[in-house]
Each structure stands twice: as structure tokens, then as C-alpha cells.
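A quick write-up on the structure given underneath.
Any read-out appearing in this document is the output of simple, stated calculations on the displayed coordinates, not a laboratory observation. Please read these numbers as outputs of a predicted model, since none were measured by experiment. Reconstructed Cβ throughout: ideal geometry from the backbone, glycine too, with neighbour counts over all protein chains shown.
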Amino acid sequence: MNYSANIRSKALVAGGLLLSALPVWLLVQGCGAPGEIDIFECNPDAYFPDPRCLPDAGIDASDAHDADPQAACEAQGGECVEIPDDSETPAGFWSHVPWPIWIGPAVDMPKGCPFVGGEQFKLYAGLTAPPMQCDPCECQKATGQCSGVPGEITIGAGMCGAVGVPSLPFDGPGGWDGTCTGANALPAGAQCPPGSGVPCAQSITFSALPPPVNEKCDVKPSPIIKAGGAKSTEWETGALACRSSLDTSLCGSGDKLCVPKVLYPYRQCIWQKGKHTKCPKPYNWELPRTMYPVQPKDSRECTACTCGAPQGGACVATLRLFDDGACASEFLKQPISSLGGDCDPIFPAGRAMGGKAVTDHAYIAGVCEAGGGEPIGEAVEDDENAVTVCCRQSYIFDE
């Protein structure tokens, strides 16, 4: 596309008057049969306004200026610069009016623009985005439920470990829940076998309690993301684009525009959306710069914390033995657990075994292994909203 011709054609729109900054409707005659028009609404205040909405050079405006139009531009702090020649660049529309753009270390980017037109956009390059910093996952103390009674309780007519001695069942009734019961009671002085003179009640043997049920570990509530920049993002280079309030037609020529004269690190630059590898002349003093919005496409996060099944949990309770069936006269408290059974001697041998109860159930917490809390994802430049910036050579010192 020839920029001179383009600007001239735009200068004829709306009766040859320059377009104002206010939103207007543009009617552009198409290249086809008569009557074809392209209708769109101008918004020159947009982040990246359509170039057709920006003020034109206005080649006819030279009649309104002095014989030396370049002096008129310089008198307002500007200079006359060439219109971009995009005849050798890929298809696309470069902004035809250069903008003063500050380019430098992102940490040094100015807070605002020194030009009356104000800020147009801020873009960045050179992304550094380390993985997410995740706190280690932790599990709360395991929980579980305990109940029930030993599967088997017997009275032995011999000391614990004796082989071949008679034994009698001392279990509770069917469905026993551990409350006081006189089932299978044995009177004092009972002999095994009867008439042998051998006391029946010399030891008591019990099997293990049922194991815990409904064991689990909940994840310990804690911030998975470390405070203070867990999603750290840094940019090496920043670009601050500023609008100009100068009348671009002051140069009095369709091939030049009046723009602010800027000093390094400001440059006079044009832009085009997308990633491009070649700049129009004479804005090819340096390689094209691909710049991005400050917010990258960020998928960094921490995996959810998990807790495995508890290991090593157990149930404990107390086996209580009584002389009477009403469980009023207790003579033994024996700890029992789900980890295994045991045997205890009865003193004195041959005493009455009237009642029994299982009480004080308690859960001994197991240990759960924590998992998760691993960093995943990455942050990358937003290619869909990339912008290519091309610049003229900058003045380092004022002339």
C-alpha cells in the first residue's frame, strides 16, 4: 500500500475535511461496482485504533501555513518525518502516523507521557516467569471410629499358656455391644472337670477388638500458594507509546508528517498488530520489536493436596470383670486393643466370674501420607495480542 495515496484518499472523506477525534461513521467507497461501501465506527481512543480513524496528514492543509512549513512544525517542537513505505513489507496496515514511544528497561518505564496527547499503550518483551511456588501439603490428624467387643472370651482351668487344660466360654449374648451382661457366668469354686478339685477360673483369654472403621485424614487448611509473588512475572523491556497533539499537516507535504521531536530513549515508531519480521522504510533502523501486554497467558498453579489412607491406626478399650452379674463389684480392669488378643491370670483362682462389660472405646490415630502441592503449568507471552513496533533512528543529543 502507498501511504501517500492512502492519506490523500482519506483526506477526501467527508468533503475533504480532516476527521475529528470524536467517534464518527466512515463511508469508504469500495473498489467494486458503484454503491459498494464499507461502514464502520471510528474510535480513535481505542487501545489500538483503526489507522483510518487517526488524524491524517492533510496534504491540502499546506495552503494554511507559511511558505516554510517545516519551520512551522519546528516552532511547535516537532520535526517533519517521512511517511512509512510499506510497499516491501507483508500485507497489513501499519500506523501511518509515528508515535513517540519510550523503549528501555521495564523497571525504568516512565509513569506517564511528557506529551499533551497522553498515553496510548504500554507493552513489554523479555518475559521471565518462574514456576509456581507451592507450600508443602500437610494432613490433619487421622480420625476413625471404634466399637464392638472381642470376638471370643474364654475362661481357662490353667495358667496362661497351659496346653490341654479345659476352658469355658465367657462371651456375651448374641449381638453383644459391650454393655454389662451376666451371660455365661461362673460361680465361685467351680471345678473343671467337676469333682476334679481343679478350679475353672484360673485365667481369662480374649481375642482382638474389631479394627477402626471410617478412617480418614483431611487435608490441613493452609495457603497452597506462598505469599508475596507466588506467580512472579518480570519483563526485561518496556515500551510506552504516547499520543501527539501536533497537527501532522504542518509539514505541507503529502510525504511528510509533523510529529514531536524526541530524544533517546524515546523513538518515533509505527506499529502493527501481530508478529512481523520486516519493517517499512525508513522505520527499519533496527530490527522489528515484538511486544506483548503485561499480563501473560498464565496457567501456573499448584496441584491439589491429597492425603492417603491412615496407616497404623488402632482401637483400644477396657474389659471389666465383676463378681456379680449386675456388674456392681468389679475386680479387674484389663486394656484390650484391635492389635491382638491376650491372656491374664485370675486371682484368686476359682473366684466367681459373674459379669463383664467393654467400655472406653478410643481411636489411636494412624498416620497419613500427604501428596500433591506440585507446581504445574507455565506463563507465556500472549501471542494473540502481540504488537510489532518499528522505529526510526533516535537522537541521542539535542541539536
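For a Förster distance of 35 Å, can you work out the FRET efficiency between the beta-carbons of A304 and I364, rounded to the nearest 0.05? Mind showing how you got there, number by number?
Numbers: r = 28 Å, r/R0 = 0.81.
E between A304 and I364, to the nearest 0.05, is 0.80.
For region 81-237, with the dipole built from +1 on Lys and Arg beta-carbon atoms and -1 on Asp and Glu ones, taken about the Cα centre, which of Y124, V198, Q145 lies farthest toward the positive end?
Going by the charge dipole, the pick is V198.
Fewest Cβ neighbours within 10 Å first, please rank M159, M132 accordingly.
Numbers: M159 13, M132 24.
Fewest to most other Cβ atoms nearby, the residues stand as M159, M132.
Rounded, prolate or oblate: which fits region 100-145, taking a ≥ b ≥ c as square roots of the Cα gyration tensor eigenvalues, rounded meaning a/c under 1.5, else prolate when a/b beats b/c? Working shown, then result.
Working: a/c = 6.22, a/b = 3.67, b/c = 1.69.
Prolate is the answer for region 100-145, as a/c is 1.5 or above and a/b outweighs b/c.
Taking neighbour counts of Cβ atoms within 10 Å as a proxy for exposure, in what order, fewest first, do L240, L209, L339 appear? Present the calculation step by step, with values, prior to reporting the outcome.
Working: L240 23, L209 26, L339 14.
Ranked by crowding around the Cβ, least crowded first: L339, L240, L209.
Could you give the length gained by full extension between K278 and A188, i.e. 0.36 nm per residue of separation minus their alpha carbon distance, to one decimal place? Walk me through the numbers on the way to the answer.
Numbers: separation 90, 0.36 × 90 = 32.40 nm, distance 10.86 nm.
Extending this stretch completely gives an extra 21.5 nm.
Compute the length gained on full extension between S245 and Q334: take 0.36 nm times their separation in residues and subtract their Cα-Cα distance, giving the result in nm to one decimal.
Values: separation 89, 0.36 × 89 = 32.04 nm, distance 9.49 nm.
Taking S245 through Q334 to full extension adds about 22.6 nm, to one decimal.
Could you check the spin-label model distance between Q393 and D344? Points 7 Å from the Cα along Cα→Cβ, value in nm.
Computed distance between label sites Q393 and D344 equals 10.2 nm.
Give the lysines whose C-alpha is closer than 28 Å to that of K141, dropping any in the same chain fewer than 8 places away, or say none.
Straight-distance partners of K141: K216, K220, K226.
So which chymotrypsin sites (Phe, Trp or Tyr not before Pro) in region 255-312 are both in a DSSP loop and have at most 10 other Cβ atoms within 10 Å of their Cβ? Can you show the working numbers first?
Working: sites: Y266, W271, Y283, W285; in loops: Y283, W285.
Loop-located and lightly packed - none at all.
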